[in-house]
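Structure first, commentary second.
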Amino acid sequence: MTDIFRKEILKALSAASGKDIDESIIETPPNPELGDYAFPCFSLAKELKKSPIMIAKELSEKIKPNKYISSAVATGPYVNFFVVKEELSKKVLKKIFEGKKEYGSHKKKDNTILVESPGPNTNKPLHLGHVRNMVLGNALQNIFDFLGNKTVRIDMVNDRGVHICKSMLAYKKFGHNKEPDKKTDHFVGDYYVRYDTESKKNPELEKEIQEMLVAWENNDHETRKLWKKMNDWVYKGFETTYKRYGVKMDRPYYESDHYMKGKDIVVDGVETGLFKKDDRENVYYSDEEIEKKIVLRADGTSIYITQDIVLGKIRYDDWHMNKMIYIVANEQIHHFKVLFKIFEKLGYPFAKNCYHLAYGMIYLPEGKMKSREGTVVDADNLADDMHNAAKEEIVKRHPDLSKKETDERAEAIGMGAIKFYILSYDPMKDFVFNPKESISFDGETGPYVQYAHARAASILKKYSHKVAEEINFSYLSTDEEKKILRLLEEFPAVIEKSAEEYRPSMVTRHLLDLSQAFNEYYHRHKIIQEDKELEKARVLLVYSVKQVLEIGLKLLGIDAPDVM
C-alpha cells in the first residue's frame, strides 16, 4: 500500500535522478529529527558512477518543496524528506476515521492460505511449546485475513503410534477402567507420565508397546476401542484449551486416516527411483543438496514425513491453496527442507508455495520442560496462573468491582499477557518465559498496551461528545503529536511487512511504540480543555490511537478492554 507521501517522494526522486526508484528502498529514519522518510543513495552509486554522498547532495538540491514535501535534506549518503505535517495529519486521521476497525485492511482477494497449527499428540495435554505455536498461528491467520486472504486453519493431529500406545498401555495396566476425575486430556497425560515411570522399573513394557502398536495396525477390536475412548477424552480437553486461547479450527486432519496412503506413495517412489533403500532396508531420500532422510522404516512403519507427503496432496485436493504455512519448531527445519523437495520431485503444483515457519524453544526460569517426567508447564495451568496474577492486580486497583467483572478483566489481561509476551519475540528466537514480567502493567508488555487503549477509551468517554472528523489540522503540531501521527501512518505498512516476513513481533513492537508515544503525550498535554477547537483536534487524535491499538491487539488475538 503506497501512501501519498511515498508516491510524491518516488516521483520527486525519479524526476531528479532520471531513474526509476524501487519503493522498497524508501526507509523510515530511526530518529524523527532526521526526517519522516529517507532514501539511501547506495543503489544509484554504480549506475551514476558517483559516491552516495555526492548523489544525495545533488538530489536534495534538485527536489523542491510542494504540497506534500516540505523539504529534502542531504545527510551523508541519504536524502531525508520532511513532509508537510498538516497534510500528514489530515490524510492519516481521515483514513482512520473513515476506515474505523478496517484501517489498514485490504479488499478480499482470491487467495487461499492454509495455516497448520498446533499439531498436537493425543497422549498428553497441550503445553507451553504448543502455546507459542497456537498464538503464532492465531496472529498469522488474523493478519492474512485482514490483508484480504482466505485463511484456513488446519490441524495435524498425531493420533497414532508408539507415543499414543504408551498412554494406552499404562491406562490398561494401572487405570482399572477409571473414568476421568479431572480435565480429560490431563487425565490421559498422567498415564503417559506413569508409563515412563513404570518402564524404568520394567523394561519389558517396551515390548508390550510394540505389540500394542501391531494390534492397533491389525485393527484389533479391543485395542481400537481403548484408543478411541482415550483419544475422545483428549479431544474434549483440547477443545476447551483451544477455545480459551482463541484457536478456531477449520479442519483437523488425523494421522490415522491417511498414514497408509503415505506408505503407498513411498513404495511407488522406490520403483520410480525417487527413493532408495539403504543396507538396512530403510527407504530414504537424498540428493546433491539434501543429506539422507529416512521416509519409511525397514519394517514398513511410517514416520512423520511419510504422512506429510500424502497430506500435502490431500490438502491441495481439498482447498487448492495458494500457500501452505507449517508452524513447527525449528528442530524440524531439515524435515521440511526435504519434504518440500519431495513435493517438487513428485510434481505437486503447490510445491513452490510451501513455507515452514520455524520457531525456537521457550524455557522457564527453572529450565527446560520434559513431558515424560511430568515437568511440563501445560497450557491450562499457565492460563490459570496468569488469570490469577491479573486478578490480584485488578483487586488492588478496584476492590469494589463485582466478581464477574473482575474475572472477565482478569481473563482478558492474563491471556493478553501470555500472547503478547510470546509474540514480541522473533519466532526463531529462544527465550525464557517470565510470567511475572509478562503481566506487568508497566514495561513492554501486553497489559501496558491494553492499558494505553483503556486510557484512550476513558478520555473519549469523558469527552462525551461525538468525535468530529473535520478539525483544524494545524493544531496538531507538537513533537509528541507528530510522533504519534507518524506511527499511525506507518501502521498499515507494518502489518503488510509482518505478513511478508511471517513476524507478528513487528506488530507488537509497533503497538508498544505507539502506546509509549501516546502515554508521553497524555502526560505532557491536556486533551479535555477550554479551547474547544484544540480539544476537538486532540480528541480525534486520541480516537485514532484507540482505533489502531484495538486493531493491532485484535490481530494478535488479544482483547482490547475499555477499562482496566
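The values are calculated or read from the model by the stated rules, or taken from the named source; none is laboratory data. Computed from a predicted structure; not experimentally measured. With ideal geometry, Cβ positions are generated from the backbone for all residues, glycine too; neighbour counts draw on all protein chains shown.
If you filter the range 292-327 down to residues that are acidic (Asp, Glu) and free of Cβ contacts under 8 Å to residues at least 40 places away in the same chain, you find that the one that is farthest from GLU255 (Cα to Cα) is ASP299.
Could you run through the range 1-24 and say how many residues are in a helix (DSSP H, G or I) and at pLDDT below 90? Before the answer, list the steps.
First, the residues of the range 1-24 that are in a helix (DSSP H, G or I): 4-17, 23-24.
Retained after the next criterion (residues that are at pLDDT below 90): 4-7, 23-24.
Here the count works out to 6.
When the test is whether a residue is among the basic types (Lys, Arg) and either assigned to a helix (DSSP H, G or I) or without any contact (Cβ under 8 Å) to a residue 12 or more places away in the chain (or both), LYS248 does not pass it. For the range 156-175, taking the residues that are buried (at least 20 other Cβ atoms within 10 Å of the Cβ) and touching an Asp or Glu at 6+ places or on another chain (Cβ under 7 Å), the one that is nearest to MET321 (Cα to Cα) is identified as MET156. Here the condition is being at pLDDT below 95, crowded, with 19+ Cβ neighbours inside 10 Å and out of contact with any Ser or Thr (no Cβ under 7 Å at 6 or more places or on another chain); of GLU470, GLU489, GLU437, it holds for GLU489 alone. Flag: VAL214 does not match the condition of being aliphatic (A, V, I, L, M), closer than 18 Å to HIS130 by Cα and out of contact with any strand residue (DSSP E or B) (no Cβ under 7 Å at 6 or more places or on another chain). Summed over the range 399-434, the residues that are buried (at least 17 other Cβ atoms within 10 Å of the Cβ), aliphatic (A, V, I, L, M) and within 16 Å of the chain's Cα centre (by Cα) give a count of 5. The set of residues from the range 503-549 being crowded, with 22+ Cβ neighbours inside 10 Å, touching a helix residue (DSSP H, G or I) at 6+ places or on another chain (Cβ under 7 Å) and either outside any helix (DSSP H, G or I) or of a type in the set (D, E, K, R) (or both) comprises PRO504, LYS546.
Is it true that some residue in the range 214-223 is in a helix (DSSP H, G or I), among the hydrophobic types (A, V, I, L, M, F, W, C), over 17 Å from TYR304 (Cβ atoms) and out of contact with any Asp or Glu (no Cβ under 9 Å at 6 or more places or on another chain)? It would help to see each step written out before you state the result.
Kept after step one, since they are in a helix (DSSP H, G or I), are these residues of the range 214-223: 214-217, 221-223.
If we keep only those that are among the hydrophobic types (A, V, I, L, M, F, W, C) as well, we get 214-216.
Add one more test, that the residue is over 17 Å from TYR304 (Cβ atoms), and what stays is 214-216.
Imposing the further condition that a residue be out of contact with any Asp or Glu (no Cβ under 9 Å at 6 or more places or on another chain) reduces the set to 216.
Checked against the condition, which is being in a helix (DSSP H, G or I), among the hydrophobic types (A, V, I, L, M, F, W, C), over 17 Å from TYR304 (Cβ atoms) and out of contact with any Asp or Glu (no Cβ under 9 Å at 6 or more places or on another chain), the range 214-223 yields at least one hit.
Of all the residues in the range 251-275, those that are in a helix (DSSP H, G or I) and either basic (Lys, Arg) or closer than 16 Å to ASP317 by Cβ (or both) number 7.
How many of the residues in the range 229-275 are of a type in the set (D, E, K, R) and more than 30 Å from PHE340 (Cα to Cα)?
Step one: of the range 229-275, the residues of a type in the set (D, E, K, R) are 229, 232, 236, 239, 243-244, 248, 250-251, 255, 257, 261, 263-264, 268, 271.
Those left that are additionally more than 30 Å from PHE340 (Cα to Cα): 229, 232, 236, 239, 243-244.
So the answer is 6.
Does the range 247-258 include one or more residues that are hydrophobic (A, V, I, L, M, F, W, C) and surrounded by fewer than 15 Cβ atoms within 10 Å (Cβ to Cβ)? Walk me through it before giving the result.
Keep residues of the range 247-258 that are hydrophobic (A, V, I, L, M, F, W, C), which gives 247, 249.
Keeping just the survivors that are surrounded by fewer than 15 Cβ atoms within 10 Å (Cβ to Cβ) gives none.
No, the range 247-258 contains no residue that is hydrophobic (A, V, I, L, M, F, W, C) and surrounded by fewer than 15 Cβ atoms within 10 Å (Cβ to Cβ).
Can LYS236 be described as among the charged types (D, E, K, R), modelled with pLDDT of 95 or more and surrounded by 13 or more Cβ atoms within 10 Å (Cβ to Cβ)? Judged against the criteria, LYS236 is a match. Checking VAL193 against (1) under 32 Å from the mean Cα position of the chain (by Cα); (2) of a type outside the set (Phe, Trp, Tyr); (3) under 28 Å from ASP318 (Cα atoms): exactly one of these is not met. Which one? Result: VAL193 fails condition (3) only. All conditions in (1) polar (S, T, N, Q); (2) over 23 Å from the mean Cα position of the chain (by Cα); (3) farther than 30 Å from ASP185 by Cβ hold for SER256, with the sole exception of (3). Within the range 220-236, can one find any residue that is within 27 Å of MET134 (Cα to Cα), touching a Ser or Thr at 6+ places or on another chain (Cβ under 6 Å) and of a type in the set (A, V, I, L, M)? Scanning the range 220-236 turns up at least one residue that is within 27 Å of MET134 (Cα to Cα), touching a Ser or Thr at 6+ places or on another chain (Cβ under 6 Å) and of a type in the set (A, V, I, L, M).
One line per residue, one yes/no per condition, for (1) touching a strand residue (DSSP E or B) at 6+ places or on another chain (Cβ under 7 Å); (2) among the acidic types (Asp, Glu):
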site: LEU401; (1), (2): no, no
site: ASP407; (1), (2): no, yes
site: GLU411; (1), (2): no, yes
site: GLY414; (1), (2): no, no
site: ILE422; (1), (2): no, no
site: PRO427; (1), (2): yes, no
site: GLU437; (1), (2): no, yes
site: LYS466; (1), (2): no, no
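Taking the condition of being closer than 13 Å to ASN80 by Cα and surrounded by 10 or more Cβ atoms within 10 Å (Cβ to Cβ), how many residues in the range 16-33 meet it? Counting residues in the range 16-33 that are closer than 13 Å to ASN80 by Cα and surrounded by 10 or more Cβ atoms within 10 Å (Cβ to Cβ) gives 6. Scan the range 337-364 residue by residue and report those that are part of a loop (DSSP other than H, G, I, E, B) and either within 29 Å of GLU271 (Cα to Cα) or more than 23 Å from the chain's Cα centre (by Cα) (or both). LEU346, GLY347, TYR348, PRO349, PHE350 - these are the residues of the range 337-364 that are part of a loop (DSSP other than H, G, I, E, B) and either within 29 Å of GLU271 (Cα to Cα) or more than 23 Å from the chain's Cα centre (by Cα) (or both).
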